[in-house]
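The block underneath contains the structure these notes are about, expressed in structure tokens.
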Amino acid sequence: MASVPAAVSWWRRGAAAAALALAGGFGSGVLETLSDAGVAASRVLRVGLPDRYVTHGAAKLLHEEVGFTGERIAERVEAAVTESSQVPT
């Protein structure tokens, strides 16, 4: 993850998505890496599985239940980018 701080500093925002729980997941690792590098990470969108009980079943159905689909992730990223572009930097 050595290139993560440079990429986020240049791009000024980022998104981390992984089919894992949010708590202690990939996005947490990205935030830790940024923190260690002294990079402000207020614009990192973490996308993952909620830290709650999810019914058992086919992964596709469960991902739809919690909003972890390509379409839903794209909507969240687009909304975050639109929102952050309206905030003065």
*Please find, among V30, V47, V39, the residue that is part of a helix (DSSP H, G or I) and buried (at least 17 other Cβ atoms within 10 Å of the Cβ).*
V30
*In region 62-74, what residues are assigned to a helix (DSSP H, G or I) and either among the aromatic types (F, W, Y) or surrounded by 10 or more Cβ atoms within 10 Å (Cβ to Cβ) (or both)?*
L62, H63, E64, E65, V66, R72, I73, A74
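Each value in this text was obtained by applying a stated rule to the coordinates, not by laboratory testing. Every value quoted in this text rests on a predicted model; they were computed, and no experiment measured them. Using ideal geometry, Cβ is built from the backbone for each residue, glycine included, and neighbour counts are taken over all protein chains shown.
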